[in-house]
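The values are calculated or read from the model by the stated rules, or taken from the named source; none is laboratory data. These numbers were taken from a predicted model, which means no experiment stands behind them. A quick note on method: Cβ atoms are made from the backbone with ideal geometry, for glycine too, and the neighbour counts reach across all protein chains shown. Ligands, DNA and RNA are excluded from the accessible area calculation, which covers all protein heavy atoms including side chains. Shrake-Rupley method; radii C 1.70, N 1.55, O 1.52, S 1.80 Å.
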Amino acid sequence: MKTDTKERLLHLIETDKGEMNEKSAKAAYDELMRIAGEFFETEGDGRLSVESGKRDLLVTFTVRAKRVKNFTSL
């Protein structure tokens with residue numbers, strides 16, 4: 001009985017995560033590009049990937065950069 005409950009809960013957790021809709025994906029992408037632009041001189045478009053695992057999500061953001069924008073002390 002406990003195993004059935006555990007398996008049902010794991011299934012609920014896995015299926016309840018849902019997919020990221022287009023509007024949310026665009027908002028996340030835009031924000032990540034803005035943040036990357038603060039620290040790097042970016043080149044081209046970035047890439048956002050959200051993959052469902054068994055119990056969690058793997059979120060990957062990749063962007064090419066020409067250089068690092070280092071902070072200087074005044």
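Miscellaneous remarks
- Amide H contacts of PHE40: LYS69, each under 5 Å away and 5 or more positions distant or on a separate chain (H built 1.01 Å from N in the peptide plane; Pro and chain starts excluded).
- Residues whose amide H falls under 5 Å from that of ARG64, counting only those 5 or more places apart or on a different chain, are GLU43, with hydrogens built in the peptide plane.
- With contacts taken as Cα pairs under 8 Å and at least 6 residues apart, region 25-74 reaches a relative contact order of 37 percent.
- Within-11-Å neighbourhood charge of PHE61 [Cβ basis; K, R +1; D, E -1]: 0
- Cross-link partners for LYS66 among the aspartates and glutamates, with Cα-Cα distance under 15 Å and sequence neighbours closer than 8 places in the same chain left out: GLU38, GLU41, GLU43, ASP45.
- Estimated FRET transfer efficiency when R0 is 35 angstrom, pair ASP4-VAL59 (beta carbons, to 0.05): 0.65
- Within a straight-line Cα-Cα reach of under 17 Å, LYS6 can be paired with the following aspartates and glutamates, leaving aside sequence neighbours fewer than 8 residues apart in one chain: GLU14, ASP16, ASP56.
- The candidates ASP45, ASP4, arranged from most to least accessible area with a 1.4 Å probe in the full protein assembly, appear as ASP45, ASP4.
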